[in-house]
Amino acid sequence: MQVIETIAELMALRQQLSDAVGFVPTMGYLHQGHLALVKRARTENSAVVVSIYVNPAQFGLREDFAGYPRELDRDFELLQREKADIIFVPSDAEMYPPEFSSWIDVQKVTERLEGASRPGHFRGVATIVAKLFNLVQPSRAYFGQKDAQQAVVVKRMVADLDMGIEIVVVPTVRESDGLAMSSRNVHLSPEGRRAATVLFKALTLAQQLGRGGEKDAEEIRRQITSLIQKEPLAGIDYVSIADARTLEELSFIDRPALASLAVTIGRTRLIDNMPLE
Ligand code: PAF
């Protein structure tokens, strides 16, 4: 495994790889969710590149960029165990030199949900992902279902800009009580950690209602909203029942749909989602 910090080194190493390259972009502080992406990339490609970069451009002014957890040595150990080949850990100066002025703005699918709550977030994500794609030139890139809208945005960008990269979306990895793994879970207090299971409970209820034949999206929103409101530590940012492909809110469920939530527990904002069959 090689750990490199500069674009020049990455480009030189990339030139030596001729077979399929799998790429896993991350912001580090790796958990089993990230490792599931790396494991999948390992089985489908002859080389695996992982990037670790906490991208300032995707954090809003009042968001947790400075407090975002970082633990590089532990990340390297975990990636070594998963047999990743190249770990790219660039600095801000490397990724955003002072004259940097090009941004990727994916429209429509970025307008709702995370895009509405976090203005500029997807512009930052799309720009850094495009830049990393240009550097790594992967055959396939791996993203978690937990960030469902991010996967939709990246797929849109890859299709619109003819990037020719296969985007593989890997199922959410959960703790034993259902909480989706996230680097941000570390910020939860013990009471917050207990309260955070309300997201999984609410999404499970949405799935059960869907399986029971409920087609009225507003009724599902109402029931899961009232379940979350019973948890005193939880504050709802949004509750969405949307078209799984376009992320447009539905009033009637007549196509593949996605239930998604953003909920604040104390000062920690958590997101999660589940498909509705
Ligand atoms: O999902 C993430 O960790 C980030 O948004 C990504 C894709 C690494 C871009 O910074």
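Coordinate-derived values only; no laboratory data. These numbers come from a predicted model, not from an experiment.
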Globularity ratio of the stretch 186-252, using Cα Rg and 2.2 N^0.38 Å: 1.21
Rg(Cα)/(2.2 N^0.38 Å) for the stretch 92-216, N = residue count: 1.28
Whole-Hz ³J(HN,Hα) from phi, Karplus 6.51 cos²θ - 1.76 cosθ + 1.60, for the stretch 159-167, glycine and proline x: 5, 5, 9, 6, 7, x, 10, 7, 9
Residue with peak Gaussian network fluctuation, the chain [Cα springs, cutoff 10 Å], from Ala196, Ala159, Ala126: Ala159
Cα gyration tensor shape for the stretch 132-277, rounded if a/c is under 1.5, else prolate or oblate: oblate
Percent of Cα-Cα distances greater than 29 Å, calculated over the chain: 33 percent
C-alpha long axis of helix 72-81 to longest principal axis of the chain, angle in °: 80 degrees
Violating pairs (Cα-Cα greater than 28 angstrom) within the set Lys108/Lys131; Lys146/Lys215; Lys83/Lys108: Lys83/Lys108
Crossing angle, helix 197-211 versus the chain [Cα axis fit, 0-90 degrees, rounded to tens]: 70 degrees
Gyration tensor (Cα) of the stretch 13-102, equivalent ellipsoid semi-axes in angstrom: 25, 18, 11
Largest-first principal axis extents, alpha carbons of the stretch 3-43, Å: 30, 23, 12
Solution diffusion estimate, µm²/s, Stokes-Einstein, the stretch 176-225, Kirkwood Rh from C-alpha pairs, 37 °C, viscosity 0.692 mPa s: 271 µm²/s
Nonlocal amide H pairs with Val3, under 5 Å, H built at 1.01 Å: Ile87
